[in-house]
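Asks: Encoded as structure tokens, here's the structure I'll be asking about.
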Amino acid sequence: MATREPIEKYFRIISFLVALAGVFALFASGGVGIILLSGFAFTTLLAWWFEGTKWQISERVALVLVVGALAFFVADWKFRFLGVWDGGIFAASGLSRLILFLSAVKLLQKKSDKDWIFIYLIAFFQVLLAAGLSISIYYIVSLVLFLLTASAAIVAFEIRKSARDAEESEADRSGIRRVAGEIHAPGRTVGRLPLISFAIIIAIGLVAVPIFFALPRSNAAGFSGSLANRVSVTGFSNSVRLGAIGTLQKNDATVMRVRIVQNSNADLKSLRWRGVALDKFDNKGWTKSRPEIYPATNTRRNYFMLLEYPSTHGQTTVQTVYLEPLNTNVLFALKTPYAIGGKSYLSKDAEGALLGSGSGIERSVYTVYSDTSEPAPDLLREDSIAYRKDYARYLQLPEDIDERIPELASKWITDAKASNRYDSAKAIENRLRRDFKYSLEMRAGGEQPVADFLFNVKAGHCEYFASAMAVMLRSQGIASRVVNGFSNGEFNETAGVYVVRQYDAHSWVEVYFPESNAWVEFDPTPPDWEQRKGGNSFFSVIGGYFEAIETFWIQYVVAYDGQEQQSLFRRFRDSVSQAADSGSGFLSELQRRLGEIVEEIRGDGGWVSALKFGGIGTAILLGGLLAVFLLYRIFRMIASIPFLARFGKRFRGDQAKKIIGFYETMTELLRKYGLERTPSQTPLEFAMATGFAEVVAITEAYHAVRFGERELTVGEGDHIESRIEELRIRLAETKA
């Protein structure tokens, strides 16, 4: 391997890092897997060791490999030889592998300047492709790494090229031929290049970030996601078999993040993100008896109104939902939503489920206004109005329903001495929560799994509890339906959002009360089902911080639109206003206290008080002076420590450079007039021999700063500069 001078070695290191940064961006976005990433890293290591040796492949071989790779890519795209390797969009995954191979070939071959530029362009293209595959917090990390390494590589490339051109020009003039690539540059200059690149990135960020948050964007921008990143959920369709929700509860993938923007309901304690409601039961599952879809009305303010107004006793809860790409177009919200913003299309079904547009392959953000109020229990107990005919479907039961189910429901209601719909529902809810166990094992089965759950297994997940309660209520003539959605999730205090995962999938029951025209939620699942999620371990705390960072990225980058922009500016304005009010209050209080002190010193409170405050003031003044003196002495003692003295000397390097610059200017001036120091003369001997007082003065100052570690004051610097001008005039007069 050829000997590399500092700038050349630095250039190659940073160029190889650019190639790695591009591949890491693809890895962070799911374009390549860990195997391909590891293979490329090993190839990069080989390319580093082969650089400048006979093991590098020639340009001709590289061309053959590139053409072959292109041909294979076209064939692979058509026939999908390697398609089984990838679960994402095939064209994107194939293109990722192709440019990965091209980058590896370029690193292994003998490289000219154009080859290095080609490597940078490949890395840049990899970053662009990664942006199309996934926009996550991990992508921004890879993007920052690429920008940092790419800017450093471009700076090093230009310095390397300029230095090489200068050496070749000097060699042509002197008749000396230097070996190409052996570029000499001071080590300190090379060491500063990463800092220069970092400063460039910071400067770009200081300009770009304010522009980013100031410019409005559409809320659909940047939401593209690959099929590989889509979250697969079940239990949110027109037909759901018992067990679908239990499958979800074994997965920890994030489904959505929800921020409670406003809440006027003080009684809102349990959050349930409603998905779909199902009304028809066939012993083994639930379906929708009415699959009709009703488009919602879009107002001029781009809000879809689902109800004309919330109920007169309504208590609004406003939620902003950041929904991950799902394999369903169902939108989730708290019960009784009456307005939704942030969607281009919205519809609802006969059971109140909200449906968006598309197939759920994109992230989406929307704001929901929900009426989360609920009639008081006493009012519900008095509800005895008969159901209308169109509500008969909520009383439907299979003809072959196990006859023991209505008997058990009647017994539980009698035991609780319930005499109305509300108390009957509470009685069944309480018995299921108390006497049955929660389990993710789907042990209940047979032709009638609900009966098997109630009379044999007596354990199951939330679907069995909700189905059992709904069937038992219907057997007693109480209208009910099953709802599939998610429980509240885990609240992240750092981000201020509820993080809802697949294992938060939940089923509950809604009971209809006709007099209040209200569907009321009941949850018969035992409360211990929430305890399986884990505690506040160290890793869960760290994970919470990472979750907060990703939430910030989604909110202010991926989902940043005009609404978020207004919200951000509003919070910034309020913070500035609060800071101004606090500062004004502090200054007012300080002014008042100073006024009181002046009054006391002036004697308004009597001569005893004046003497007291005068003595305190004098003591504080003397104490302050003493503290300053002690701090100065301590600083001098610390500064005298040899290690710190050398460290401080580095900060005084500018003074030394300044006097050295003066001295070199003086010697160059003397040389023009034929006065040049011989190798046997010391600087001071030479100064004395010239016979000029100005030369002696400048030389003495040079000695004091260079070897005596004395700092050059501003006045001394100006004085030396004037002495050089005087010397210039005297030399000109002498020659004349």
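The values are calculated or read from the model by the stated rules, or taken from the named source; none is laboratory data. Just so you know, these numbers come straight off a predicted model, no measurement behind them. Don't worry about glycine lacking a Cβ; one is built from the backbone with ideal geometry, like all the others, and counts go over all protein chains shown. Side chains are part of the model used for accessible areas, which takes the heavy atoms of the whole protein and leaves out ligands, DNA and RNA. Shrake-Rupley method; radii C 1.70, N 1.55, O 1.52, S 1.80 Å.
Asks: Since GLU447 meets every condition but one in (1) over 24 Å from ASP282 (Cβ atoms); (2) open to solvent by 50 Å² or more (accessible area, probe 1.4 Å); (3) within 52 Å of the chain's Cα centre (by Cα), which condition does it not meet?
Replies: (1)
Asks: Now for a different question. Inside the range 378-414, can you point out the residues that are touching a helix residue (DSSP H, G or I) at 6+ places or on another chain (Cβ under 8 Å), charged (D, E, K, R) and in a helix (DSSP H, G or I)?
Replies: ARG381, ARG404
Asks: Taking the range 485-508, which residues are in a strand (DSSP E or B) and either over 17 Å from MET442 (Cα atoms) or more than 38 Å from the chain's Cα centre (by Cα) (or both)?
Replies: First, pick out the residues of the range 485-508 that are in a strand (DSSP E or B): 485-487, 490-492, 497-501, 505-508.
Matches in the range 485-508: GLY485, PHE486, SER487, GLU490, PHE491, ASN492, VAL497, TYR498, VAL499, VAL500, ARG501, TRP508.
Asks: Here are GLY543, GLY534: which of them is at pLDDT below 70 and open to solvent by less than 50 Å² (accessible area, probe 1.4 Å)?
Replies: So the residue among GLY543, GLY534 that is at pLDDT below 70 and open to solvent by less than 50 Å² (accessible area, probe 1.4 Å) is GLY543.
Asks: With respect to ALA732, is the statement that it is open to solvent by less than 30 Å² (accessible area, probe 1.4 Å) and either aromatic (Phe, Trp, Tyr) or modelled with pLDDT under 85 (or both) true? Steps first, please.
Replies: On the way: open to solvent by less than 30 Å² (accessible area, probe 1.4 Å): no; either aromatic (Phe, Trp, Tyr) or modelled with pLDDT under 85 (or both): yes.
So ALA732 does not fit the description; no.
Asks: Here is a further query. Among the residues of the range 504-512, is there at least one that is open to solvent by 50 Å² or more (accessible area, probe 1.4 Å), at pLDDT 65 or above and at negative phi?
Replies: Looking for residues that are open to solvent by 50 Å² or more (accessible area, probe 1.4 Å), at pLDDT 65 or above and at negative phi, one finds none in the range 504-512, hence no.
Asks: Separate question: Report yes if LEU17 is under 17 Å from PHE146 (Cβ atoms), assigned to a helix (DSSP H, G or I) and either at pLDDT below 85 or of a type in the set (D, E, K, R) (or both), otherwise no. So that I can check it myself, show each step before the final result.
Replies: Numbers: under 17 Å from PHE146 (Cβ atoms): yes; assigned to a helix (DSSP H, G or I): yes; either at pLDDT below 85 or of a type in the set (D, E, K, R) (or both): no.
No.
Asks: On to the next question. Would you mind telling me which numbered condition in (1) under 19 Å from VAL509 (Cα atoms); (2) over 33 Å from the mean Cα position of the chain (by Cα) ALA333 fails?
Replies: Checking ALA333 against (1) under 19 Å from VAL509 (Cα atoms); (2) over 33 Å from the mean Cα position of the chain (by Cα), the one that fails is (2).
Asks: Next question, about the same structure. Looking at the range 377-393, is at least one residue open to solvent by less than 60 Å² (accessible area, probe 1.4 Å), at negative phi and acidic (Asp, Glu)?
Replies: The answer is yes, given that some residue of the range 377-393 is open to solvent by less than 60 Å² (accessible area, probe 1.4 Å), at negative phi and acidic (Asp, Glu).
Asks: Where the second residue is crowded, with 18+ Cβ neighbours inside 10 Å and not aliphatic (A, V, I, L, M) and the first is touching a residue at least 12 places away in the same chain (Cβ under 8 Å) and farther than 22 Å from VAL32 by Cβ and lies in the range 97-123, which pairs have Cβ atoms under 8 Å and are six or more apart or on separate chains?
Replies: TRP116/SER15
Asks: While we're on this one: For the range 266-279, how many residues are surrounded by fewer than 17 Cβ atoms within 10 Å (Cβ to Cβ) and either touching a strand residue (DSSP E or B) at 6+ places or on another chain (Cβ under 7 Å) or in a strand (DSSP E or B) (or both)?
Replies: The total comes to 1.
Asks: So, one more: May I ask you to list pairs of residues, at least six apart or on different chains, whose Cβ atoms are under 6 Å apart, with the first in the range 709-721 being more than 15 Å from VAL696 (Cα to Cα) and the second being assigned to a helix (DSSP H, G or I) and modelled with pLDDT under 70?
Replies: Going by the 6 Å Cβ cut-off, the qualifying pairs are GLU711/GLN655; LEU712/GLN655; LEU712/ILE659.
Asks: Additional query: Can you give me the number of residues within the range 292-329 that are modelled with pLDDT under 85 and surrounded by fewer than 17 Cβ atoms within 10 Å (Cβ to Cβ)?
Replies: The number of residues fulfilling the criteria is 13.
Asks: Tell me, yes or no, whether the range 463-485 has at least one residue that is farther than 27 Å from THR328 by Cα and hydroxyl-bearing (Ser, Thr, Tyr).
Replies: Checking the range 463-485: at least one residue is farther than 27 Å from THR328 by Cα and hydroxyl-bearing (Ser, Thr, Tyr).
Asks: A follow-up question, please. Considering the range 28-74 alone, what residues qualify as being small (Gly, Ala, Ser), in a helix (DSSP H, G or I), more than 23 Å from TYR138 (Cβ to Cβ) and open to solvent by 30 Å² or more (accessible area, probe 1.4 Å)?
Replies: First pass over the range 28-74, keeping only residues small (Gly, Ala, Ser): 28-31, 33, 38-39, 41, 47, 52, 58, 62, 68-69, 71.
Now narrow it down to the ones that are in a helix (DSSP H, G or I): 28, 38-39, 41, 47, 62, 68-69, 71.
Right, trim to more than 23 Å from TYR138 (Cβ to Cβ) and you get 47, 62, 68-69, 71.
Selection gives GLY68, ALA71.
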